[in-house]
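Since the structure comes first, as structure tokens, the remarks are kept for the end.
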Amino acid sequence: MTTLVFGHKSPDTDSTGSPIVWAWYLNQIKGVEARPVLLGEPNTEAAFVLERWNLDKPEILSDLESGQEVVIVDTNNPGELPANINEANITGIIDHHRLVGGLETRGPIEIDIQPLACTATIMWKKIGKDWAQAPREIKGAALSCILSDTLEFRSPTTTQEDKAIAYSIAEELGVDMSAYAEEMFAAKSDVSAFSEAELLRMDSKEFDLDGTGLRVSVLETTSPAPLLARKKALMAAMPDVAKADGAAEVLLFIVDILKEEATLLIPNDRVKRIAERSFDATVEGDHVVLPGVMSRKKQIIPNLKM
């Protein structure tokens, strides 16, 4: 049976590139038949990465069959995976997020969750000396994942291991890392073709805060002005998105990569209260700027309070 390798829904660069890297490793090094798949359309940055490195876009998984062998990467949260994930035969988990719980396996498996900024960093370490056999496109995918998840080392989740490995891969590829990151972030920032509802779900995580379901959405950009110009339309779309997704509220953080700050939209009094209690902020109007806030994993979700 072919092992399917996939990350979370609403795939970003790490959840697009890391399945490709690990499927290559299983196929070419471990002799395990494997195939990368996605749980949705990749975002604009991930699509750019696929084209830049001549990588085929993985198939989007429409149905997960019971008993299917899978490796889960870049998440361990059942809410970000197919509804019947516990009917699959999970054979491995590689991740860099907090342990959520709720996944069930048919036997003991190898789980590798490390406090690093990127799943691809963990994979590089696990592949070890066999990394020398990786083709150029696989190395390009891994470098892209690290630059994306660290925001070119601006994110507070960045570790020295992430940086060292990225520099090493860039040197192997002969890539100007800063110039390449600028291209990636420009692709990520071009969201003009997406509806407000699509933007609210583009890079989004479900989170339960004291019994209140939240959809915590982040849009990382080097050009926040076009997104802020759609502020009213984005807030108008929030109630329908929240209702459709079974959440009480949508929290949208527009992260300015260059200024290293986030703007949280404030559509109502409940979100205003969350913003003031979570970030010690004074909210006046329909948005609040949060200096230094860039990471959902490290700075946003851990600080949320009702």
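Is it the case that the range 49-64 has a residue that's among the charged types (D, E, K, R), modelled with pLDDT of 95 or more, assigned to a loop (DSSP other than H, G, I, E, B) and surrounded by fewer than 13 Cβ atoms within 10 Å (Cβ to Cβ)? Break it down into steps so the answer makes sense when it comes.
Of the residues in the range 49-64, the ones among the charged types (D, E, K, R) are 51-52, 56-57, 59, 63.
Then drop every residue that is not modelled with pLDDT of 95 or more, which leaves 51-52, 56-57, 59.
Of the ones still in play, those that are also assigned to a loop (DSSP other than H, G, I, E, B) are 56-57.
Remaining after also requiring surrounded by fewer than 13 Cβ atoms within 10 Å (Cβ to Cβ): 56.
Within the range 49-64, one or more residues are among the charged types (D, E, K, R), modelled with pLDDT of 95 or more, assigned to a loop (DSSP other than H, G, I, E, B) and surrounded by fewer than 13 Cβ atoms within 10 Å (Cβ to Cβ).
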Practice task
Go through the range 219-242 and count every residue that is crowded, with 18+ Cβ neighbours inside 10 Å and of a type in the set (Ser, Thr, Tyr).
Solution key: 1
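Just to check your reading of the model, which residue among Arg201, Arg215 is within 15 Å of Arg296 (Cβ to Cβ), of a type outside the set (Phe, Trp, Tyr) and in a helix (DSSP H, G or I)? Spell out how you get there, then give the answer.
Working: Arg215 fails: in a helix (DSSP H, G or I).
That would be Arg201, the only listed residue that is within 15 Å of Arg296 (Cβ to Cβ), of a type outside the set (Phe, Trp, Tyr) and in a helix (DSSP H, G or I).
Within the range 288-297, is even one residue closer than 24 Å to Thr16 by Cα, surrounded by fewer than 18 Cβ atoms within 10 Å (Cβ to Cβ) and small (Gly, Ala, Ser)? Reasoning before the result, please.
Our first condition is that a residue be closer than 24 Å to Thr16 by Cα; within the range 288-297, this holds for 294-297.
Those left that are additionally surrounded by fewer than 18 Cβ atoms within 10 Å (Cβ to Cβ): 297.
Adding the requirement that they be small (Gly, Ala, Ser) leaves none.
Taking every residue of the range 288-297 in turn, none turns out to be closer than 24 Å to Thr16 by Cα, surrounded by fewer than 18 Cβ atoms within 10 Å (Cβ to Cβ) and small (Gly, Ala, Ser).
Taking the conditions exactly as written (basic (Lys, Arg), assigned by TED's automatic domain parsing to the domain that holds Leu26 and farther than 20 Å from Ala181 by Cα), does Lys126 satisfy them or not?
Working: basic (Lys, Arg): yes; assigned by TED's automatic domain parsing to the domain that holds Leu26: yes; farther than 20 Å from Ala181 by Cα: yes.
In short, yes.
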Handout entry: Any hit, the range 238-253, residues being touching a residue at least 40 places away in the same chain (Cβ under 8 Å), in a helix (DSSP H, G or I), among the small types (Gly, Ala, Ser) and at negative phi
Key = no
Practice task
Would you be able to tell me the number of residues in the range 283-306 that are touching a helix residue (DSSP H, G or I) at 6+ places or on another chain (Cβ under 7 Å) and not in a strand (DSSP E or B)?
Solution key: 7
Practice task
Inspect all residues belonging to the range 99-112 and state whether any of them is under 16 Å from the mean Cα position of the chain (by Cα) and buried (at least 23 other Cβ atoms within 10 Å of the Cβ).
Solution key: no
Problem - Output for the range 257-306, where each listed residue is among the β-branched types (Val, Ile, Thr), out of contact with any Pro (no Cβ under 9 Å at 6 or more places or on another chain) and farther than 20 Å from Asp12 by Cα - result: Ile266, Val271, Ile274, Thr282, Val283, Val288, Val289
Exercise for the section: For the range 159-167, state whether one or more residues are within 23 Å of Ala134 (Cα to Cα) and among the basic types (Lys, Arg). Expected result: yes
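Would it be correct to say that Ala46 is buried (at least 21 other Cβ atoms within 10 Å of the Cβ) and over 20 Å from the mean Cα position of the chain (by Cα)? Full working, then the answer.
Numbers: buried (at least 21 other Cβ atoms within 10 Å of the Cβ): yes; over 20 Å from the mean Cα position of the chain (by Cα): no.
It is false that Ala46 is buried (at least 21 other Cβ atoms within 10 Å of the Cβ) and over 20 Å from the mean Cα position of the chain (by Cα).
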Practice task
Counting only residues that are polar (S, T, N, Q) and in contact (Cβ under 8 Å) with a residue 12 or more places away in the chain, give me the strands (runs of 3 or more DSSP E) lying completely in the range 68-183 with at least 2 of them.
Solution key: 89-95
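Being of a type in the set (Gly, Ala, Ser) and more than 19 Å from Asn76 (Cβ to Cβ) is the filter here; which residues of the range 35-64 pass it? Break it down stepwise before answering.
Looking only at the range 35-64, we keep the residues that are of a type in the set (Gly, Ala, Ser), and these are 40, 46-47, 62.
If the condition is that a residue be of a type in the set (Gly, Ala, Ser) and more than 19 Å from Asn76 (Cβ to Cβ), then Ala46, Ala47, Ser62 are the ones that fit.
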Exercise for the section: Would you confirm whether any residue within the range 125-138 is among the charged types (D, E, K, R) and crowded, with 21+ Cβ neighbours inside 10 Å? Expected result: no
Completion exercise
With criteria (1) under 22 Å from the mean Cα position of the chain (by Cα); (2) in contact (Cβ under 8 Å) with a residue 60 or more places away in the chain, Pro224 comes up short on (2)
Problem - Which numbered condition Lys298 misses (of (1) charged (D, E, K, R); (2) under 30 Å from Glu183 (Cα atoms); (3) in contact with a strand residue (DSSP E or B) (Cβ under 9 Å, 6 or more places away or on another chain)) - result: (3)
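Answer yes or no: is there a residue in the range 25-44 that is in a helix (DSSP H, G or I), among the aliphatic types (A, V, I, L, M) and assigned by TED's automatic domain parsing to the domain that holds His97.
Going residue by residue through the range 25-44, those that are in a helix (DSSP H, G or I) are 25-30, 44.
Remaining after also requiring among the aliphatic types (A, V, I, L, M): 26, 29.
Then keep just the ones that are assigned by TED's automatic domain parsing to the domain that holds His97; that gives 26, 29.
So far as the range 25-44 goes, yes, one or more of its residues are in a helix (DSSP H, G or I), among the aliphatic types (A, V, I, L, M) and assigned by TED's automatic domain parsing to the domain that holds His97.
The values are calculated or read from the model by the stated rules, or taken from the named source; none is laboratory data. Just so it is clear, the model here is predicted, and its values are computed rather than measured. Methodologically, a virtual Cβ is constructed for each residue, glycine included, from the backbone with ideal geometry; neighbour enumeration extends over all protein chains shown.
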